[in-house]
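Visitor: One structure, pasted below without further comment.
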Amino acid sequence: MSMKTLEIQYREDLPDLIQQSPGEFEQNLRMALACKLFELGQLSSGHAAELAGVSRYEFLHSLSRYRVSALNWDPADFEQELKNA
């Protein structure tokens, strides 16, 4: 599968301001983007993990750091599951 590249410009001192190396900063940006798209229901966990450059397990395990639930339940579906339990 062919891949595209997204270039994001940021101030050179930005990673230092949040006490991260440039590599850590860029990885966190990738993860944050993947988490948000997963949270919005636009990507599956597998595709989001691929975007973030990590395994699906690592992606799901990292969601809590970004305050994203691993379960994207519709409130009506959740209510029905509670009734069925």
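The values are calculated or read from the model by the stated rules, or taken from the named source; none is laboratory data. Given the structure is predicted, the values throughout are model-derived calculations rather than measurements. Neighbour counts run over all protein chains shown; Cβ positions are idealised from the backbone, glycine included. Side chains included, ligands, DNA and RNA excluded: accessible areas come from the protein's heavy atoms. Shrake-Rupley method; radii C 1.70, N 1.55, O 1.52, S 1.80 Å.
Visitor: Mind checking which residues of the stretch 21-59 are under 18 Å from the mean Cα position of the chain (by Cα) and of a type in the set (S, T, N, Q)?
Guide: First pass over the stretch 21-59, keeping only residues under 18 Å from the mean Cα position of the chain (by Cα): 23-59.
27, 28, 42, 44, 45, 55, listed by residue number.
This table checks each residue for (1) more than 19 Å from residue 7 (Cβ to Cβ); (2) open to solvent by less than 50 Å² (accessible area, probe 1.4 Å).
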{"position": "27", "(1), (2)": "no, no"}
{"position": "30", "(1), (2)": "no, no"}
{"position": "47", "(1), (2)": "yes, no"}
{"position": "54", "(1), (2)": "yes, yes"}
